[in-house]
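Could you have a look at this structure, given as structure tokens, before my questions?
Coordinate-derived values only; no laboratory data. Values in this document were obtained by computation on a predicted structure and should not be read as measured data. Using ideal geometry, Cβ is built from the backbone for each residue, glycine included, and neighbour counts are taken over all protein chains shown.
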Amino acid sequence: MSVNLNGIWAISYLHVSTVMAALEANQFRPYLTGYPDVPATVLEACSSQTDYTIEGYWADRLSIGQDAQVPVIPVTGILTRSDLYGNVFSTDFIISMLYNIAANDKKKGVILDFNTGGGQVAGIAEFVQAVRAVKEKKPVVSSVQFCASAGYWVGSQGNEVHMKPGTVSSVGSIGTMYMHVNRAKAMAQAGLEPEIFRSTGSIHKNRQNDIEPLDDEARAEIQKGLDASNKVFKADVRIGRGTKIKSDDVYTGKLYNTQDSIKEGLADKVADLQTSYQRVLQLSKNYA
């Protein structure tokens, strides 16, 4: 069992006994490394062999095809730098793995297997650069079940974007957003009267909190940050997709199904994993 306990949380009395049993059995383990548990023999090999790494271990384990030539890296759940929120690997670890694959002559290319609605902006610029670093040496194909927002920010950088067969595959949601919730009334109803104290001169300290009302200056700062991130987002998509994009309408935050994503230039074709693998091998000949 693995679970992330960051943030505000509670345990229903109905499940206390189950949680207690799991704690006693040491079934809760933090994945602080950004990747799932690996065998002790792997850790020992990494510490004793200079050319053996955790990134290399996972790249080999995830590889398919003859001689394990093409890693298929799952990009799932909420994209975060270090924590695991329904994702197999953290953003930082995938970045590290991509650089490992770029330097590994045994790998013909890589498939990024997307099923994500996006996540944190933090780390995405580095993720984009890592994909581009691989693409300079070998092909990258983005295979999509669901690839939205920050997911598409990264996925658009591949040589090609392939939509998996089926009616639910979709891409897009190009844009940035932030939701602010003021909890002052809810806290008052609960009988709580919070007071905020700031050091002398720290008038701008944490003005975007969930107790004090946002003033115009705070709203302007939020909008400024969103617009700055979105500008980079759109620029990177334009770099990744080039002249394939048919219209600026795709930059409004809309999601597109398979047929429309290909029509608008957000994706290239419909392909299952085996077809994407064969395409990586074909594209790799251009790098010889």
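Which ordering of V181, V232 is given by a fewest-first count of other beta-carbon atoms within 10 Å?
Ascending Cβ contact count within 10 Å gives the list V181, V232.
Next question, about the same structure. Once you charge only the Cβ atoms, +1 for Lys and Arg and -1 for Asp and Glu, what is the size of the charge dipole of the range 140-288 about its Cα centre, to the nearest 20 debye?
The dipole of the range 140-288 has a size of about 580 debye.
What percentages make up the Cα-Cα pair-distance distribution of the chain when the bins are 10 Å wide from 0?
Result returned by the calculation: 6, 23, 28, 22, 15, 5, 1.
If you average the C-alpha positions of the range 227-288 and of the range 49-100 separately, how far apart do those two centres end up, in angstrom?
22
Output the antiparallel fraction of DSSP beta bridges having both residues in the chain, as a percent to the nearest 5.
Approximately 20 percent, going by the DSSP bridge assignments.
On a 0 to 90° scale, report how tilted helix 91-102 is relative to the longest principal axis of the chain, with both axes built from alpha carbons and the result rounded to the nearest 10.
The answer is roughly 20 degrees.
Can you tell me the orientation of helix 124-135 relative to the chain, as the angle in degrees between its alpha-carbon axis and the longest Cα principal axis, to the nearest 10?
The two axes meet at around 0 degrees.
Report P(r) for the range 69-125: all Cα-Cα distances, bin width 5 Å, range 0 to the bin holding the largest distance, values in whole percent.
Calculated P(r), rounded to whole percents: 5, 21, 28, 23, 14, 8, 1.
Can you sort C147, C46 from fewest to most other Cβ atoms within 10 Å of each residue's own Cβ?
So the residues, fewest neighbours to most, are C46, C147.
Using alpha carbons only, how many degrees (0 to 90, rounded to 10) separate the axis of helix 273-284 from the longest principal axis of the chain?
Helix 273-284 and the main axis of the chain meet at about 60 degrees.
Using the Cα gyration tensor of the range 173-288, with a ≥ b ≥ c the square roots of its eigenvalues, what is the shape: rounded (a/c below 1.5), prolate (a/b larger than b/c) or oblate (neither)?
Prolate, because a/c is 1.5 or more and a/b exceeds b/c.
Given the C-alpha centroids of the range 183-219 and the range 103-124, what is the distance between them in whole angstrom?
If we compute the Cα centre of each part, the gap is 39 Å.
State the extension gain, in nm to one decimal, for the chain segment bounded by Q274 and V19, taking 0.36 nm per residue of separation less the distance between their alpha-carbons.
Between Q274 and V19, full extension yields an extra 87.7 nm.
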